[in-house]
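Comments concern the structure below.
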There are 2 protein chains.
Amino acid sequence: MSDFSTELKPADPQGPNVLSQERARSDIDINQLAQHLLHRGDFLQRQKKILSVIEKRPYFCKKNQLNLARPDRYHLGLARAKELRRLSLEHGWDIDDYKMADYLTDEMAPYALQTVMFATSIREQCNEEQMKYWLPKVESWEIIGCYGQTELGHGSNVRGIECTAKWNQGTKDFTIHSPTLTASKWWNGSLGRTANHAIVVAQLMLPDEKTGKLKSHGPHQFIVQIRDMKTHKPLEGIVIGDIGPKYGYTAMDNGYMLFKNFKVSHSALLSRYSGVDSESGMYIKPKNQALVYGSLTYVRAQIIMHARLVLARACTIAVRYLSIRRQFADRDAKDDAAEVAVLNYPTVQIRILPLLATTYALHYTGEAMFNLYWNTREEIEKGGDTSRLAEMHAASSGLKSCCTMLAADGIEVCRRAMGGHGFGGGSGIIPLNNDYLSKPTVEGDNWMITQQTASYLIKRMTESVKDPYPTAKAGEPIDGQFRLYLQNQQASKRFDIYSTEKDIVRAFEHRVSFLSHQAYQARVEKKQPWTSLMISLHRLARAFSESLLVANFHKAIFESAPNPPLAEPTQNVMKDLFRLFALFTIDAQSSEFILSGALQPEQLHELTPTIQKLMEAIRPHAVRLVDAWSIPDYLLESALGRYDGDVYNALWQKAHLENPLNLQTFNPDWNTEEIVMGEGADNARGRIEKLALGVYGHEQRADAKAKL
Amino acid sequence: MSDFSTELKPADPQGPNVLSQERARSDIDINQLAQHLLHRGDFLQRQKKILSVIEKRPYFCKKNQLNLARPDRYHLGLARAKELRRLSLEHGWDIDDYKMADYLTDEMAPYALQTVMFATSIREQCNEEQMKYWLPKVESWEIIGCYGQTELGHGSNVRGIECTAKWNQGTKDFTIHSPTLTASKWWNGSLGRTANHAIVVAQLMLPDEKTGKLKSHGPHQFIVQIRDMKTHKPLEGIVIGDIGPKYGYTAMDNGYMLFKNFKVSHSALLSRYSGVDSESGMYIKPKNQALVYGSLTYVRAQIIMHARLVLARACTIAVRYLSIRRQFADRDAKDDAAEVAVLNYPTVQIRILPLLATTYALHYTGEAMFNLYWNTREEIEKGGDTSRLAEMHAASSGLKSCCTMLAADGIEVCRRAMGGHGFGGGSGIIPLNNDYLSKPTVEGDNWMITQQTASYLIKRMTESVKDPYPTAKAGEPIDGQFRLYLQNQQASKRFDIYSTEKDIVRAFEHRVSFLSHQAYQARVEKKQPWTSLMISLHRLARAFSESLLVANFHKAIFESAPNPPLAEPTQNVMKDLFRLFALFTIDAQSSEFILSGALQPEQLHELTPTIQKLMEAIRPHAVRLVDAWSIPDYLLESALGRYDGDVYNALWQKAHLENPLNLQTFNPDWNTEEIVMGEGADNARGRIEKLALGVYGHEQRADAKAKL
């Protein structure tokens, strides 16, 4: 059969020409903007360096990933993880290089917990002796570790975990035990098939000083060898396995683990802050745990910075493809008018351009969080001042919730805006979406952790109400805003959001103050049950997070010269992006702005027209604005989003030359069970039944169980 | 190693006990409500009948699906499709039985296009002679067909497709040709590997009567044999293949197809309505195409009915699991208080219960659409009256957009509300979500087709403005509402949405009238460009669709006795569901209600508290309300959502006994390339490279190309 497809090219305009023209009509200095966004930790140079090492290596080819069975994805993931470790040594990579490789590989890999949660626990929770013993083993990767906290029955509520570690005063050791099925560890990354050691979080059970009855001192961390170092089989008294396929994280062996009266030594309890006195069997209470809060803020700043890059990836794909894609002529145009670039439709712009603005909004708040973290850390190390921790923690909880939601929802908005091709494997959106959709529920469920933010704001409002006119500057930063609100509460507000940017910030702050005051009245004055207020509290936290996003964006662009610097044309676009992000957010939450009195209803009439004008102004810069995020084609793995814009040839290549299904010829006749031509009906039946039933079959399950 | 997991059970309360108690505290008559919802086409009896045939057959076991490679999913899908066809004959299934089997199998299968688009085209577009020839072949499945309309470069804009069919007056035949790569057919289901025939949509090219130059008469349908009936290889002049993995539809071979000067006979052009006179080579213009509109409405009513079942499935899983799942004690409770069922948190209720109400809202509008379709069809067949077609079409476009969005978004809301386990394979949400997310963009993109709705509303408003006080009843149904609005425009509105249900309906209608009038002013009076109005037009269509959902729900529950009947306790819950759906929708769009004057800002204060009270009232009925949708466990394929509530044992079973990855032991040592224990490093390297690079490898692509 002759393949004449090589003779053909896509209809005009050609994608590469379109993107060249798009890039030519903007005066944004991409290199400068990229440096502005990605200066932290030499991101750009590092990306280039690591990319050059991994991009061409066969193991790191991503082209076949969507075709693979889940077990094979784990096999490949483990092979890649090993190779990354070896490359790391070969090239003398530091931890940031290693993380960059992880980012570019774009896969939650079987070793992922080793460098993050496992090593962190060792570093943060070991006493000196433990550290001396364990840290070299971890850093040399002599042992492979994971972190076992979450259980089948408990995730968010860590205090509710059921796994126990009972102190045996006679033998001076602990017994780790899972009293129920729901006590099984569950979800723990790298546990299922890979790790030979685990940090196990268990209720520390000691006899009560007075009654002598066993009592829990809450969840504590233990380091436990879980598999034989030679055979890699689970040790006697432990049942382990992989929990099976998930929405994403295909290459990761999230695991389960049960203990049956499993003994570990006294030294297994990580004892930097607390412990058990082996002589008396008494509990040693924890000292200051402030640093834990601090590092949580750091982790959450990273989450925001990650969210911006994830959303930037989705926007890069959408902006480039939608600039190239044409569909329908303008309805008011003459008969033979050319089709319009899809990104020129306001109904497409309203979905994509505010998200593009959001990538920038997330950036400046991520930056602000990092700076806050480093400054606070410095203060703590200098004099032990921990006064800003509560604020940091409150902000970080709300922002984790808000920012991961914006990114997760944003990916899907981009996908849908790309129509049919967004649903195809050539979009590059599938793995991005499947993996990122874990974020709204992990590391603090997005609807749960906002309570911490609201709780903090109610506390501060309570203080402000007690003393609305303080003689000296007092309290925490937010108090000033609250007092201003309390002092002016009766005055009619009118923020001029269309001509004064600072008024936009004030309107967001006013809304936060109003909602905080409402929450304060309900909870503190009227003593309403906490649970009954949870919806309002979640909304309050969201309002606060949006207020921070707007304020940090404003500060970075309007209140001082951007740092690193930006040329004026770029600055002007950034100003429009700020306006677009803020007004779009107001539009989405407009009734709260009206109810709080931050806006008058008639002000809303101008909202959509103003947003539409801003989008028109930003539109010519869209391609350069995504280019600046510097997402390499290797990471995008997207026919639609590739830098050169050769969309249709790339889609064709992917389908026609990289699809294993096209190498087989099938028998479509329903009258035979034969599937592949020449296979025969009987062969097919046996093979297909195995596919359907899995290795365990219907009957074999009992046998399989014995084998485990 | 001993497996002691069999000795353990989940911590109390046990799931089955919880669900029993949940079911005991509601007085809804489940059987009656199920009959009320699912009477159409004997749905319940049919479901039972078909389920008993397929549930236990090995091919239809779904347990291993998430572990399979994509090519294997197609193999399995084809095997299932064949078996369904055989079962169909064996058991004497009618088309509705067959569709039920398809619904329960829950897979877009390789034969899917045969019974739907292919057969429909034959039945609707063939002239008598063609029908006589083709229909028996289709109905006996002697040929397997697909429908080739969408192309690589064109989807929504059907008129823009590039594939041409040129009439050759000399040889009295057509030449089908793809002039560019973007002219390739693309996305067409069953084409990639399965079908041997296709309906090909191509621009019909005939010489212009005057100039003699070739001119397109627009897209027309041709029936074309595309593969050899014996070898199943593509015919010479055709390149075909499967487009590769997608977000969902894993078992379906969505295909691509290029033609190079491929000849088909005169009779290939389906000629019921239009055609080419073979003597003169002249175009025969289409007669009345009204029926096409009609069947579109029918298809869209089906989409809504499908959307309600899809959303009901997600709600079933979420409501059952979240009733069982406990996490955290009440913050105001004493120290040793038990943990709270997650569904008792208002922050969870506000996500799930309005969606549960939405399943019912979708139902009554689906019912109304079906009734409208059948009534209109009857009228057309009686006297040719097509006056209601425009309204039906306008409503159906907006509703397709609105309802598929509600269902698609709702699935993800349910998934996130289930926290970590929602991300796991045991949720049963993964295939549901992956497949359903195609709906917002296929069969009319959700942001594109709303223009048809808006266009209709502007037309009606224009008529109403011309004649606001007609002497006789005139025009279309919506005109009455528009005239009422125009007559009362200056009067201050206050709809009492909290105590008068009819006022809720009026508030929704008022908003539609206001937005229609605004659109009319912008487009008709101020002559603004259509494109510049697209955002407002989309919002108008959404407002209209929501208004229909609310009005149809109100009509079914408040305006007459429910039919089939419902006992009073059930009716009362339905009334609360109506209120919840309507008020929740108002809350989400509140600024439009305020701007339109349908609501006063101060009315918003009561919105959240009222919604919260309604949710409290509905909460005890939640489990029975999902039970009524009668989704069998086989379809749910969900550990979290199973009818008996034995959630944790089911999750454990799935992970521990049905996961092929747990049968292998791995080598975690980074120092060796060995992956599976005993495999050796060299074997691993070769195998893993193949996984990464795919069958084509890096170098082999050129070879592979030759093979195609």
Quiz item: Relative contact order of chain A: what whole-number percent is it, with Cα pairs under 8 angstrom and at least 6 residues apart?
Solution: 15 percent
Quiz item: Semi-axes, largest first, in whole Å: what does sqrt of 5 times each Cα gyration tensor eigenvalue give for the protein assembly as shown?
Solution: 49, 40, 33
Quiz item: Which whole-Hz couplings ³J(HN,Hα) result when phi for each residue of the range A:191-204 is put into the Karplus expression 6.51 cos²θ - 1.76 cosθ + 1.60, θ = phi - 60°, listed in order with x for Gly and Pro?
Solution: 7, x, 10, 9, 6, 10, 9, 9, 7, 10, 8, 9, 5, 7
Exercise. Counting only C-alpha contacts under 8 Å and six or more residues apart, can you give the relative contact order of the range B:462-573 as a whole percent?
Key: 22 percent
Self-check item: Two-decimal log10 I(q)/I(0) for chain A, as the Debye equation yields it once each C-alpha is a single scatterer, q = 0.06, 0.10 Å⁻¹
Solution: -0.43, -1.13
Quiz prompt | Selection of trypsin sites (Lys or Arg not before Pro), the range A:303-335, meeting DSSP coil and at most 12 other Cβ within 10 Å | solution = A:LYS334
Quiz item: Once Lys and Arg get +1 and Asp and Glu get -1 on their Cβ, which of B:PRO10, B:THR376, B:GLY92 lies farthest toward the positive end of the dipole of chain B?
Solution: B:THR376
Quiz item: Taking a label point 7 Å from Cα toward Cβ, how far is A:THR471 from its twins in the other copies, in nm, shortest first?
Solution: 8.5
Quiz item: Rounded if a/c is under 1.5, else prolate if a/b is larger than b/c, else oblate: which is the range A:144-287, with a ≥ b ≥ c the root eigenvalues of its Cα gyration tensor?
Solution: prolate
Self-check item: Convex hull volume per residue for the range B:59-127, taking Cα atoms only, in Å³
Solution: 97 Å³
Exercise. Could you name the residue in chain B with the C-beta closest to the rotation axis that superposes chain B on chain A, along with the separation in whole Å?
Key: B:ALA69, 2
Quiz item: Exactly which trypsin sites (Lys or Arg not before Pro) in the range B:172-231 are in a DSSP loop and have at most 15 other Cβ atoms within 10 Å?
Solution: B:LYS172, B:LYS210, B:LYS213, B:LYS230
Self-check item: Fraction of beta bridges assigned by DSSP in the range B:116-287 that are antiparallel (%, nearest 5)
Solution: 80 percent
Quiz item: How large is the charge dipole for the range A:569-650, taken about the Cα centre, if only the Cβ atoms of Lys, Arg (+1) and Asp, Glu (-1) carry charge, to the nearest 20 debye?
Solution: 200 debye
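Before we go on, tell me the buried accessible area for the A/B pair, both chains summed, 1.4 Å probe, in Å² to the nearest 100.
Working: alone 34730 and 34750 Å², together 52960 Å².
Interface area, both chains combined: 16500 Å², rounded to the nearest 100.
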Practice problem: Identify the residues of the range B:312-330 with backbone N under 20 Å of a label point that sits 7 angstrom from the Cα of B:ALA338 along the Cα-to-Cβ direction, or state none. | Solution: B:319-330
Quiz item: For the range A:630-672, what class follows from the C-alpha gyration tensor (a ≥ b ≥ c being the square roots of its eigenvalues): rounded when a/c is under 1.5, otherwise prolate if a/b is larger than b/c, else oblate?
Solution: prolate
Quiz prompt | Hz values of 3J(HN,Hα) by residue in the range A:388-401 - Karplus curve (6.51, -1.76, 1.60), Gly and Pro given as x | solution = 8, 5, 4, 4, 4, 5, 4, 5, 5, 5, x, 5, 4, 4
Practice problem: Give me the net charge of A:GLY244's neighbourhood, meaning all other residues with Cβ under 14 Å from the Cβ of A:GLY244; Lys, Arg count +1, Asp, Glu -1. | Solution: +3
Self-check item: Theoretical ellipticity at 222 nm over the protein assembly as shown - DSSP helices of four or more residues, -39500 (n - 2.57) apiece, nearest 500
Solution: -16000 deg cm²/dmol
Quiz prompt | Efficiency of FRET between B:ALA390 and B:GLU128 - r from beta-carbon atoms, R0 22 angstrom, step 0.05 | solution = 0.15
Quiz item: Which residues' amide hydrogens lie under 5 Å from the amide hydrogen of A:THR665, considering only partners 5 or more residues apart or on another chain, with H built in the peptide plane?
Solution: A:MET677
Self-check item: Accessible area expressed per residue, chain A, with surrounding protein chains retained (probe 1.4 Å, Å²)
Solution: 37 Å²
Practice problem: Enter the Cα centre distance for the pair the range B:416-472 and the range A:248-276, rounded to the nearest angstrom. | Solution: 48 Å
Quiz item: Short version: ³J(HN,Hα) in whole Hz for each residue of the range A:365-378, in order, from phi by Karplus 6.51 cos²θ - 1.76 cosθ + 1.60 (θ = phi - 60°), x for Gly and Pro, what are they?
Solution: 6, x, 4, 4, 5, 4, 4, 4, 4, 5, 5, 5, 4, 4
Quiz prompt | Rounded to the nearest 20 debye, dipole of chain B from Cβ charges on Lys, Arg, Asp, Glu | solution = 1700 debye
Practice problem: Restrict the search to the range A:419-515; then list the trypsin sites (Lys or Arg not before Pro) that DSSP places in a loop and that have at most 14 other Cβ atoms within 10 Å of their Cβ. | Solution: A:LYS473, A:ARG494
Practice problem: Search the structure for amide H atoms under 5 Å from the amide H of B:ALA329, placed 1.01 Å from N in the peptide plane, and list their residues when 5 or more places away or on another chain. | Solution: B:VAL340
Quiz item: If you place +1 on the Cβ of every Lys and Arg and -1 on the Cβ of every Asp and Glu, how big does the dipole about the Cα centre of the protein assembly as shown come out, in debye to the nearest 20?
Solution: 340 debye
Quiz prompt | With every protein chain in place, chain A: carbon and sulfur % of accessible area (1.4 Å) | solution = 51 percent
Exercise. Name the long-range amide H neighbours of A:LEU214: under 5 Å, sequence gap of 5 or more, or other chain; modelled H, no Pro or chain starts.
Key: A:ASP208
Practice problem: Whole Å is fine, so just give me how far the alpha carbon centre of the range A:571-590 lies from that of the range A:149-188. | Solution: 48 Å
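The values are calculated or read from the model by the stated rules, or taken from the named source; none is laboratory data. Here the structure is a predicted model, which is why all the values come from computation and not from measurement. No Cβ is skipped: glycine too gets one built from the backbone with ideal geometry, and neighbour counts run over all protein chains shown. The protein model used for the area step is the full one, side chains on, heavy atoms only, and it has no ligands, DNA or RNA in it. Shrake-Rupley method; radii C 1.70, N 1.55, O 1.52, S 1.80 Å.
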